[in-house]
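Here the structure comes first, spelled out in structure tokens, and everything after it is commentary.
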Amino acid sequence: MPNRKTFLTHFWKEKKMVGAMSPSSKYLAAKMLESIDFKTTKIIIELGPGTGVFTKRILEKMQDDAILYVFELNPSFYQSLCEKITDSRVKILHESAENLNQFLAEHEFGQVDVIVSSLPLSNFPNALRTSILQAAHDALRINGQYIQFQYSLQSKKLLRSFFKEMSIDFTAINFPPAFVYRCQKIE
Ligand SMILES: C[S@@+](CC[C@H](N)C(=O)[O-])C[C@H]1O[C@@H](n2cnc3c(N)ncnc32)[C@H](O)[C@@H]1O
């Protein structure tokens with residue numbers, strides 16, 4: 001299980017940034033993506049791909065003319081993703097999620113349909129999580145989705161302050177068990 005070993009190594013080095021001891025399960029990946037209509041989704045952003053569990057699933061499902069931007073701050077995960085994933089529909093960025101809007105403005109493309117986030121929000125200082133969620137909300141089109149997993153319900157109030165439309169799902173088949181927040185931009 002090289003992915004699990006890599007993850008654990010980074011977890012011990014940078015607990016707050018990595019936020020998990022092992023990659024997410026395929027069951028969590030399926031729950032994260034089940035509300036996305038890939039037929040109509042053209043611009044997808046992934047925040048915190050780690051070893052790429054969700055990235056690979058998104059690439060399997062997305063259309064040929066869709067584009068996926070992934071933001072990974074950890075240099076080793078970033079490097080390994082660049083080596084593993086060569087699909088021309090994905091752009092892998094060694095960038096913090098908080099620079100999302102600056103990146104979008106520089107590249108002048110339309111609004112984002114879906115943001116899939118694995119960021120360990122509860123480990124971040126309040127100013128950082130607020131600025132990331134504001135950037136994500138600004139980047140999305142109306143009715144666009146922000147999908148986030150967390151290991152607790154601690155982020156519920158914060159997410160609801162940005163996204164009035166929200167539902168919460170859960171899977172026990174993950175280590176640790178995880179909550180999936182599905183948020184929609186309505187205004
Ligand atoms: C809990 S791990 C999830 C990894 C993977 N998506 C999974 O589910 O197995 C969180 C990931 O977010 C990345 N990360 C943390 N802070 C970040 C930031 N500000 N911008 C982009 N990525 C960040 C970490 O390096 C790590 O890869």
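The values are calculated or read from the model by the stated rules, or taken from the named source; none is laboratory data. Note that the coordinates shown come from a computational prediction; the quantities given were computed from them, not determined experimentally. Don't worry about glycine lacking a Cβ; one is built from the backbone with ideal geometry, like all the others, and counts go over all protein chains shown.
Values computed for the structure shown
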{"item": "Contacts under 8 angstrom Cβ, first residue in segment 142-158 being farther than 17 Å from Gly48 by Cβ and in contact (Cβ under 8 Å) with a residue 24 or more places away in the chain, partner surrounded by 16 or more Cβ atoms within 10 Å (Cβ to Cβ) and polar (S, T, N, Q), 6 or more apart", "result": "Asn143/Gln184; Gly144/Gln184"}
{"item": "Answer from Ser131, Ser167 - the residue that is out of contact with any Phe, Trp or Tyr (no Cβ under 7 Å at 6 or more places or on another chain) and over 19 Å from Glu46 (Cβ atoms)", "result": "Ser167"}
{"item": "Answer residue from segment 164-187, given it is among the aromatic types (Phe, Trp, Tyr) and assigned to a strand (DSSP E or B) and is surrounded by the fewest Cβ atoms within 10 Å (Cβ to Cβ) among those", "result": "Phe170"}
{"item": "Given (1) outside any strand (DSSP E or B); (2) at pLDDT 95 or above; (3) surrounded by 14 or more Cβ atoms within 10 Å (Cβ to Cβ); (4) away from the ligand (no atom under 11 Å from the Cβ), index of the condition Asp138 fails", "result": "(2)"}
{"item": "Segment 32-50, subset buried (at least 18 other Cβ atoms within 10 Å of the Cβ) and farther than 23 Å from Phe170 by Cβ, residue nearest to the ligand (Cβ to nearest atom)", "result": "Ile45"}
{"item": "Selection within segment 143-158 - within 16 Å of the ligand (Cβ to nearest atom) and not in a strand (DSSP E or B)", "result": "Tyr151, Ser152, Gln154, Ser155, Leu158"}
{"item": "Answer from Pro120, Pro75 - the residue that is touching a residue at least 40 places away in the same chain (Cβ under 8 Å) and farther than 17 Å from Asp138 by Cα", "result": "Pro120"}
{"item": "Among residues of segment 1-39, those that are at pLDDT 95 or above and either in a helix (DSSP H, G or I) or touching a Pro at 6+ places or on another chain (Cβ under 8 Å) (or both), counted", "result": "8"}
{"item": "Test: Leu68 is buried (at least 16 other Cβ atoms within 10 Å of the Cβ), away from the ligand (no atom under 11 Å from the Cβ) and in a helix (DSSP H, G or I)", "result": "no"}
{"item": "Subset tally (residues that are more than 9 Å from the ligand (Cβ to nearest atom) and not in a strand (DSSP E or B)) for segment 77-93", "result": "11"}
{"item": "Leading residue by the ranking (farthest from the ligand (Cβ to nearest atom)) among those in segment 102-119 that are farther than 20 Å from Thr9 by Cβ and surrounded by 15 or more Cβ atoms within 10 Å (Cβ to Cβ)", "result": "Asp113"}
